[in-house]
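Quick note: the coordinates plus some simple rules give every number you see, no bench work behind them. In this text, all values refer to a predicted model and were calculated from it rather than measured experimentally. Note that we place each Cβ from the backbone using ideal geometry, even for glycine, and neighbour counts take in every protein chain shown.
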Amino acid sequence: GEFDRAHGLLDEAWSVVDGHGHQIGASIQGWRSAILTWQGRWVDAREAAQESAWIAERTRSLFQFCQGRVTAAYADWRLSGDERFIAVADQATGWLEPRDSGLFRSLNHGWLVDGWLACGRRERARRHAAAALRRGRRGDLIGAAMSFRALALDAADAGDAGRAARWLARAGQAAQQRQSAHESACNELCAAQLAQRLGQPAEATRRAAAAGQAFEHLQMDWHRQQALQRVPPG
């Protein structure tokens with residue numbers, strides 16, 4: 001959640017390499033794009049991801065090329081709501097399946113669980129949820145909380161309050177393991193969304209207000225607007 005410091009460190013990393021002509025440049029911009037998605041800065045995230053993919057293509061880095069494609073597509077989906085972008089992200093993630101690297105691929109699966117469930121494609125979402133769980137057991141938790149939040153909301157839509165609570169608890173555990181302030185804030189917003197869908201308006205308002213305060217502190221403006229939409233004015 002220390003986003004200004006994170007961007008400063010990435011700027012420092014960029015300054016010591018020829019970023020546009022070196023494979024490390026793709027990695028730097030790839031991480032920058034991921035951080036920008038955590039902030040909800042979708043246009044900036046898409047631009048950084050596209051640059052990462054462009055550098056990766058020039059330096060023949062398959063992993064970074066695919067990551068750039070996935071991140072840019074997820075940002076495009078957030079901006080447009082067009083399901084085709086989730087399909088692009090799914091395809092690019094699939095290109096990496098035969099190459100079982102130790103890198104943080106759970107981030108892709110988290111985005112795909114989120115996107116496919118929002119598009120009503122539960123079977124596709126469940127496949128990526130299973131992959132995120134497998135990655136989590138191997139220590140890759142970077143996309144775990146996002147997956148669990150999406151599964152919690154899907155359970156709430158099905159009227160299963162118990163299952164929703166269990167998935168939200170797992171999201172909390174993942175955020176705690178990563179010591180992630182932004183994931184904890186997103187979990188609070190998820191709790192508000194669950195309460196709203198389960199017919200608990202007072203709890204939804206309380207949790208949304210708490211999430212909004214956390215997002216304001218973290219300068220996560222897009223997420224803060226999502227929280228404010230669930231808090232009655234005045």
Inset, instruction - Among THR205, VAL113, GLN225, pick out the residue whose Cα is farthest towards the positive end of the charge dipole of the chain, where Lys and Arg carry +1 and Asp and Glu carry -1 on C-beta, about the Cα centre. - result: VAL113
Inset, instruction - Evaluate the Debye formula for region 1-86 with equal point scatterers sitting on the alpha carbons, no solvent, and hand back log10 of I(q)/I(0) at q = 0.13, 0.24 Å⁻¹, in q order, two decimals. - result: -0.38, -1.08
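In debye, nearest 20, what is the charge dipole magnitude of region 123-162 about its Cα centre with +1 on Lys and Arg Cβ and -1 on Asp and Glu Cβ, if you could check?
Working: 8 positive and 5 negative charges, 71 e Å.
Using Cβ point charges on Lys, Arg, Asp and Glu, region 123-162 gives about 340 debye.
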Legend entry - Environment charge at ARG122 (Cβ cut-off 11 Å; Lys +1, Arg +1, Asp -1, Glu -1): +1
Inset, instruction - Normalising by the residue count of region 94-212, find the relative contact order in percent from Cα pairs under 8 Å and 6+ residues apart. - result: 19 percent
Inset, instruction - Calculate the spin-label point distance for TRP14 paired with GLU203, positioning each point 7 Å from the Cα along the beta-carbon direction, and give it in nanometres. - result: 4.4 nm
Inset, instruction - Could you tell me whether region 137-224 comes out rounded, prolate or oblate from its Cα gyration tensor? Rule is a ≥ b ≥ c as square roots of the eigenvalues, rounded for a/c under 1.5, then prolate if a/b exceeds b/c, otherwise oblate. - result: oblate
Inset, instruction - Select from region 64-136 those trypsin sites (Lys or Arg not before Pro) which occupy a DSSP coil region and have at most 14 other Cβ atoms within 10 Å, ordered by residue number. - result: ARG99
Legend entry - Estimated 222 nm signal from helices in the chain, with DSSP H stretches of n ≥ 4 weighted -39500 (n - 2.57), rounded to 500: -26000 deg cm²/dmol
